[in-house]
Structures are given as C-alpha cells and as structure tokens.
1. Want the number for Lys425 to Ile153: 0.36 nm per residue separation, take away the alpha-carbon distance, what's left?
2. Listed highest first by mean packing, meaning other Cβ atoms within 10 Å per residue, what order do 491-501, 279-289, 161-171 come in?
3. Calculate the dipole size of segment 368-469 relative to its Cα centre from +1 charges on Lys and Arg beta carbons and -1 charges on Asp and Glu beta carbons; express the result in debye to the nearest 20.
4. Residue by residue, what Karplus-based ³J(HN,Hα) values in Hz, rounded to whole numbers, does segment 370-377 have, using 6.51, -1.76 and 1.60 with θ = phi - 60° and x for Gly and Pro?
5. Once phi is turned into ³J(HN,Hα) by the Karplus curve 6.51 cos²θ - 1.76 cosθ + 1.60 with θ = phi - 60°, what whole-Hz value does each residue of segment 284-290 show in order, with x for glycine and proline?
6. So if we plug the beta-carbon distance of Asp377 and Ile309 into 1/(1 + (r/R0)^6) with R0 = 45 Å, what FRET efficiency do we get, rounded to 0.05?
7. Over the chain, calculate the relative contact order: mean separation of alpha carbon pairs under 8 Å at least 6 apart, over the residue count, as a percent.
8. I'd like the Karplus ³J(HN,Hα) series for segment 481-489: coefficients 6.51, -1.76, 1.60, θ = phi - 60°, whole numbers in Hz, and an x wherever there's a Gly or Pro.
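Throughout, read-outs are computed from the coordinates displayed, never taken from laboratory work. Quick caveat: nothing in here was measured; it's all calculated off a predicted structure. Cβ coordinates were reconstructed from backbone atoms using ideal geometry, including for glycine residues, and neighbour counts include every protein chain displayed.
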Amino acid sequence: MQKQYYAIIDIGSNTMRLVIYLREKGGRLKEVENVKAVARLRTFLETDNTLNTAGIKRLIVTLQSFQDVLTTYELKEVVCVATATIRQAKNQEEILIQVEKQTGLSIRTLSEEEEAYYGYLAVVNSTSIPSGITVDIGGGSTEITYFEDRELIESHSFPFGALTLKEFFAKETPNSEELANLRNYLAEQFATLPWLRNREIPLVAIGGSARNLVQIDQNLKEYPLAGLHQYKMYDTDIINVSNYLTALKPEKLLKVEGLSKDRADIIVPAIEVFHSLYKMIQADSFILSRKGLRDGVFYEQLSKEMGSILFPNVLEDSIQELINDFDLDPKQILHVQYLTRRLFDYLKENGLLHLTKEDWTLLKRASYLCHLGDYIDAESSAQHTFYLLANRTIDGLMHKDRLQLALIASYKNKTIFKQFIKPYKQWFLKEEQKKLRHLGALLKFIYCLDATKRQVVKEISFDIKNDTLTITSHCVGDAKPEEYQSEKQKKHVEKAIKMDVELKFDFLRRANLQ
C-alpha cells in the first residue's frame, strides 16, 4: 500500500507551523515532519485591527518557505488553518486573496468555537482522561473547553493570549504589583464562566507555552523519563516554576533549559493563565497534551472515513500501533494471554498470590508487548523492551502507568528488574515494587512455555500436593525448548508464591487437543 501523507499549516498569532503526518495501518496519524517559524503576526496588527503590509509579507514569505518542504512529499491532502490574528484582522479577505495568489494555498480561518473544539477533540483522542478542562493559550486568544465522559459540554474563547497579556509588564521580568494586576484580571475573566468553578478534574493544557512549562519542570527535577505527552504536574509544581522564572534577570531567562528563546518574554503570563485556571476549577492535576489543534483538525477529517469522531479506545489503538511497528505476532500474543490468565486465576483463587482486577489489567497490557525488544536485538531484548516502552509516548497511558508496563513486559530476573527500577524507586512503595516484579515473573514464565512461538503448549493445569505446585503443560508436539526455558524461569515463580514448582509436560493428550 502506498504511503499516505497529509500536511497541515497552522497560522498562529505567535508561531506558524507545518506538520506532515503519515497515515498508519490502523488509521492513526504519525508525525514525520514538524517545521516551526516564529512569525509573531500579532505584532503586525495596527490599532484598527488591520494586519499591515509587513505582516502580510511575513505571512507569505513563511508560507513560501513551507512550500519547499511540501514538495518533498507526495501529499494526499494539505490543510491550511489560521486562528486569532487572521480571524480578528479587519482586512482578512484581502489577506486570504493575496496568500492564495502568491502561494496557491487556501487558508481556512477557524472560528473561536472551531478552535476550541479541535483542541478538545485532540485531547480525548490521544489520552484516556474521561472528564477535564482543556486550555490552549495562543498569542492572541485562549480557548477553554469542558468535557465529561469524553463528550464536549462547554467551550469558550477569551480574546487574550500570551502576547497580549505580556502588556501587563513594563519589562520582561514583572514586579510583584504587575503580577498581582495580571492575576486579578485573569481571576475576573475566568469568573465569568460559572461552569469552570470547583470542578475538581484535570486541567489539560495544549500548545507551546504548556510544553515549555513542562520541559522546565522536568529539567528542574532531573526527570528520568522521556516524553512530554500526558506528563502530570500539581499546583505546587506550577508555583515553583513561576517563582524560579520571575526571580531571573532577562539575560538568564534566555538560558533556561527547556524554555524556547521565542517564548522567554511570554512564558510568565502563560503560566499565570494556567495557575489562575487551576485554582478556579480546583483541578486535581495539570496534564500536558502534546496533541492539539492541528491533530484535532485531522481527527475530524479521519472521522469521515471511520464513521466516528471519537476513537473508541485510545490505549488499545496505541498498543496496536506498537504491535504493527515492531512486527509482533498477534497469534502468539493471544495464546500467551490465554495461558497467563489461566495461571493468574489459579494463583488468585488459591491464595498463592494476592492479585486484583487491576493487576490483571496491567498484566494483560504487558502481555501484548513482551519481547518487543527482540525487534532490535534478541540477546538484549529485556533492555530494549524496557527502554522503548518507558521512553515512547503511548497515548492513553500516564507516565507512571507507562513505566509499570515497561517493568512488567521487560522482566527477566530480579537483578535486572532492580537496575531498571532504580531511578524510579521513589515512585513506588515497596509492596508495589514487589507486585510489579511478581507480575513480570509470571509473564516471563508463560512466554517460556511458547519459546518457539509454535503454540505447542495448548493448555496448562495445576495441582498442589505437599507444598508443591505442579504445573502440567498439555502439548501437541515436541516441547523440549519450552521445557528447557520454563525450567530455567520457574525459580522466579517459586520465589513469588513461596512454594516449590514442579513442571510436567504431557504429550498423551495430543489427539484430543488437535
């Protein structure tokens, strides 16, 4: 099948961006190119809201530079959208005519409602957050939505953004009075929306300012995991970053790790928006979504083919994407899941391990991706499996959940498990660490029963006598490799259940099972 590429150009008030996506087998979009230009079109608006000649020229020159990138792909579709500055420009019609004449690109100017809607759509289709408030602060406007059970309930666009709020400050570093004035203004603005107050749900932030806030927080904490999407912060984290930045002189601000130079003068007002909104809704957390307006536009396009505007299960789609990317065998996965469930249920029902419904959810997720690292190098499969899962964005999983998945799926032995978890030990209680280790040991043992990926072990049964658990594998062929590997691995199961394990391989039921 020929690769399908799509492009979107997002004309914002502060930045312009070209993103090119590749359509995946499962229908999802994978970003393959991301080109950013700092145009600051907002600064070219005159007092009568006319975009001046210099601004129109900046817009056209930037679009022409994007076209050089577009020509390197065979594109199925190119979409060009504009937000607050073009929307608010009195000479909008003239701008659109000049752009089409000189670049051939047709600009779609998004309404306030559309801009807010696409942000919401991106969040619900790339996270597993059921209810939340989204905020997308641009250069000239701020879009807010409220969704419940993944359905959009309310939306609003405020006519202020990071560039306009910057005008509260005489210099790049504000004084306490200027900060107080900005905070009072934001509190008054957000108070006009009664549906914001005391929601006690996550505040989900979209856009470049939110990304910069997260990057700064991660650098200050020396955060050990890669990735920004679905990163979680709290009230105190936002305050700490704000205090850190407002204490710096302008020349120091430009050197802050994680802060883009083009956002150094607007990051503080943007953070104040996030913090003021966090307090208004009494948020339980602040979560970053790397997917935003651009993704939302294409999710709508795809929905015309899929028949639904919402992906039914974000996490399942992400796991399927990993299965496709790393050529994992679906037949083996399903078989291992079946045998794992048999062992899990027996240990749970007989009180050999304290296991819960949530534990099975973790184990099932990990069973999809065990041995993913074989794709790179079978000899060091565990290391590659852990690194790939711990450091790759998985839509629908928060960072801690992603780490749990990586620890279980990559389990080899206790020593390597301790190596993997060492930078994150403070994230888990001792009992939680032990549970993750036990789940990993069970999964690794079952994978050994399908070491040659032939599904020769069709069924397993159990019996306990004299403090020994006998696990009998019922086979339909030669299972010597499976016997050898599982004998090596059974000691980890023995340590988990504190009982001897005896393995038997029964070839007599071959006819019945075939």
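1. Using 0.36 nm per residue and subtracting the Cα-Cα distance, I get 94.0 nm.
2. So the peptides 491-501, 279-289, 161-171, ranked by packing, come out 279-289, 161-171, 491-501.
3. 360
4. 4, 6, 4, x, 4, 4, 9, 6
5. 7, 5, 10, 10, 8, 10, 6
6. 0.65
7. Relative CO of the chain lands at 11 percent.
8. x, 5, 5, 5, 5, 6, 4, 5, 8
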